[in-house]
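Asks: Here's a structure for you.
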Amino acid sequence: MNFWKSVAGILRTNKDAYDNCAHDLSEASKGNNNPHHLAAKVLNAQKGKTHLFATGQAGFIIKSAGGQLLAIDLYLSKGEKQFKGNNGFKRLLPLLLQPDALLFDIVICTHPHFDHFDTGAVPVMLKNKRTKLFCSRDCKTLVRKLRLERNKEQIQYVKPGDRVVSGDFDIM
């Protein structure tokens, strides 16, 4: 089962999760975005159910039935330049969440584009020593540039087909 099949399963089994995504993105597109609102919504989501929250761009937060938090491709920066030769990425939707607003159990970065491996947000999220980063092997250069390799116990590089079990999450 791949990630998108898992997301589809969450949406099929929990209509509330889909409604959360649709409502938050709809409000953001109208300019009604409070970066603290989404964090409160995630924290207050009912335990015992799995919830999916959209953060804009290609980012999602999954809150497991057990209350653990998984972040996927969160783009939480304003799009400014991070490294020489990089022009940044244009934000397509307003910022819905600050990088330090939630303590994630898992952060997934699928590839090294700055709107998927946010070089401004990932180091902030990894300040929580229990947070694990799972990223593609292509992200090694960014990890080195950000000097995150000193947190090597928090970082695992994965390739297509790898399976990772961490906490409440079984990621394939």
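Asks: Please verify whether the range 126-141 includes one or more residues that are surrounded by 14 or more Cβ atoms within 10 Å (Cβ to Cβ), among the aliphatic types (A, V, I, L, M), touching a Ser or Thr at 6+ places or on another chain (Cβ under 9 Å) and not in a loop (DSSP other than H, G, I, E, B).
Replies: No, the range 126-141 contains no residue that is surrounded by 14 or more Cβ atoms within 10 Å (Cβ to Cβ), among the aliphatic types (A, V, I, L, M), touching a Ser or Thr at 6+ places or on another chain (Cβ under 9 Å) and not in a loop (DSSP other than H, G, I, E, B).
Asks: Quick check: anything in the range 148-155 part of a strand (DSSP E or B) and either in contact with a helix residue (DSSP H, G or I) (Cβ under 8 Å, 6 or more places away or on another chain) or surrounded by fewer than 16 Cβ atoms within 10 Å (Cβ to Cβ) (or both)?
Replies: Taking every residue of the range 148-155 in turn, at least one turns out to be part of a strand (DSSP E or B) and either in contact with a helix residue (DSSP H, G or I) (Cβ under 8 Å, 6 or more places away or on another chain) or surrounded by fewer than 16 Cβ atoms within 10 Å (Cβ to Cβ) (or both).
Asks: If you scan the range 105-125, which residues turn out to be over 17 Å from Q68 (Cβ atoms) and assigned to a helix (DSSP H, G or I)?
Replies: The answer is V122, P123, V124.
Asks: I've got another one for you. Return a yes/no flag: does the range 161-171 have any residue that is over 18 Å from Y75 (Cα atoms), surrounded by 16 or more Cβ atoms within 10 Å (Cβ to Cβ), without any contact (Cβ under 8 Å) to a residue 40 or more places away in the chain and in contact with a Lys or Arg (Cβ under 9 Å, 6 or more places away or on another chain).
Replies: Checking the range 161-171: not a single residue is over 18 Å from Y75 (Cα atoms), surrounded by 16 or more Cβ atoms within 10 Å (Cβ to Cβ), without any contact (Cβ under 8 Å) to a residue 40 or more places away in the chain and in contact with a Lys or Arg (Cβ under 9 Å, 6 or more places away or on another chain).
Any read-out appearing in this document is the output of simple, stated calculations on the displayed coordinates, not a laboratory observation. Computed from a predicted model, the values in this text were never measured in an experiment. As a convention, Cβ positions derive from the backbone with ideal geometry for all residues, glycine included, and neighbour counts pool all protein chains shown.
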